[in-house]
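The values are calculated or read from the model by the stated rules, or taken from the named source; none is laboratory data. Note that the coordinates shown come from a computational prediction; the quantities given were computed from them, not determined experimentally. When we count neighbours, we look across all protein chains shown, and the Cβ atoms used for this are built from the backbone with ideal geometry, even at glycine.
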Amino acid sequence: MKPRMPILNRLQNRLKRLRAEHGAASSTQAASSPSESFAFAAEIPGGSAGKPLWRLAIEMQTQPQGEGEQLHMRVHWQANLGSSLSLEAPRAPTHASKSGSALAERVGGWLRTGLSRPLVRRLAEPLLRHDFNTWMELRASSADLADGTQALLPERERLQALGVELPQGDGPLAQTWAGATPGPQPGFAQLSLLRLDKRHLPPALAALLGTRPFQLAAAIVNVIEPQTKRP
């Protein structure tokens, strides 16, 4: 929980600063504002080499954009249960010189002990056959954008190349596509797009922005991949 507090505080302070500076900051001042960045990553090593059991990575950057500012955030969450937690998966070698190796070994041993119990194993078996990955890319802007949220959609060309039909104009607030992933063992992939502007915000939150515009576009990708059970 502690790593999440700086992000929340940063976003709240950003909104308060925008409200305090409204009407006092000129476009020249906004353009000269320095960009800021923040990055955080944490993981639990897995039982097999090369893949962690669980990992979370967050990147955030703010930079001037016109008379406003743009926020860019990337989040990657993964849980490699099928390839790292399976009882049949080979354990990664541990080294005393590596910090955290003792803790990783204890966590892995505790999980494997729990999974060795028939009831726990039977309940967890469906999850242990898969790896889970979630990517989120979010862009928000307080600048006056001619194309609105359309200008913030990430990887537009790549999405169109994959056959995703992007909305035109205002478009729907949310869209979702889903399908099977290629490979000898097809998995499942889901893409969701979310687009919001100032009129969709709660009144109290919109009031913090004053008369400044606001647009937000987010893409969320979920991928579930089955893993071959090792003999």
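The rows are residues; the columns are (1) at pLDDT below 85; (2) surrounded by 10 or more Cβ atoms within 10 Å (Cβ to Cβ); (3) hydroxyl-bearing (Ser, Thr, Tyr); (4) in a loop (DSSP other than H, G, I, E, B).
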{"residue": "Leu166", "(1), (2), (3), (4)": "yes, yes, no, yes"}
{"residue": "Asp170", "(1), (2), (3), (4)": "yes, yes, no, yes"}
{"residue": "Trp177", "(1), (2), (3), (4)": "no, yes, no, no"}
{"residue": "Pro182", "(1), (2), (3), (4)": "yes, no, no, yes"}
{"residue": "Gln185", "(1), (2), (3), (4)": "yes, yes, no, yes"}
{"residue": "Leu191", "(1), (2), (3), (4)": "no, yes, no, no"}
{"residue": "Leu196", "(1), (2), (3), (4)": "no, yes, no, no"}
{"residue": "Ala207", "(1), (2), (3), (4)": "no, yes, no, no"}
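Kindly check whether there is at least one residue in segment 82-96 that is modelled with pLDDT of 80 or more, of a type in the set (Gly, Ala, Ser) and farther than 21 Å from Asn133 by Cβ. No, segment 82-96 has no match at all.
Among the residues of segment 169-198, the ones that are in contact with an Asp or Glu (Cβ under 7 Å, 6 or more places away or on another chain) and hydroxyl-bearing (Ser, Thr, Tyr) come to 1 in all. Within the option set Gln70, Gln78, being closer than 26 Å to Pro226 by Cα and either modelled with pLDDT of 85 or more or not in a strand (DSSP E or B) (or both) holds for one residue only, Gln78. When Glu59 is tested against the conditions (1) part of a strand (DSSP E or B); (2) modelled with pLDDT under 80, the lone failure is (2).
For the subset of segment 209-230 comprising residues that are over 23 Å from His72 (Cα atoms) and either touching a Lys or Arg at 6+ places or on another chain (Cβ under 8 Å) or aliphatic (A, V, I, L, M) (or both), which member is surrounded by the most Cβ atoms within 10 Å (Cβ to Cβ)? So, considering only residues that are over 23 Å from His72 (Cα atoms) and either touching a Lys or Arg at 6+ places or on another chain (Cβ under 8 Å) or aliphatic (A, V, I, L, M) (or both), the one surrounded by the most Cβ atoms within 10 Å (Cβ to Cβ) is Gln227. Taking the criterion of being in a helix (DSSP H, G or I) and of a type in the set (D, E, K, R), the residues of segment 112-141 that qualify are Arg112, Arg121, Arg122, Glu125. For segment 151-162, state whether one or more residues are of a type outside the set (S, T, N, Q), modelled with pLDDT of 85 or more and part of a loop (DSSP other than H, G, I, E, B). No, the conditions are met nowhere in segment 151-162. Annotation: of all residues in segment 116-146 being small (Gly, Ala, Ser) and touching a helix residue (DSSP H, G or I) at 6+ places or on another chain (Cβ under 8 Å), the one that is surrounded by the fewest Cβ atoms within 10 Å (Cβ to Cβ) is Ala124.
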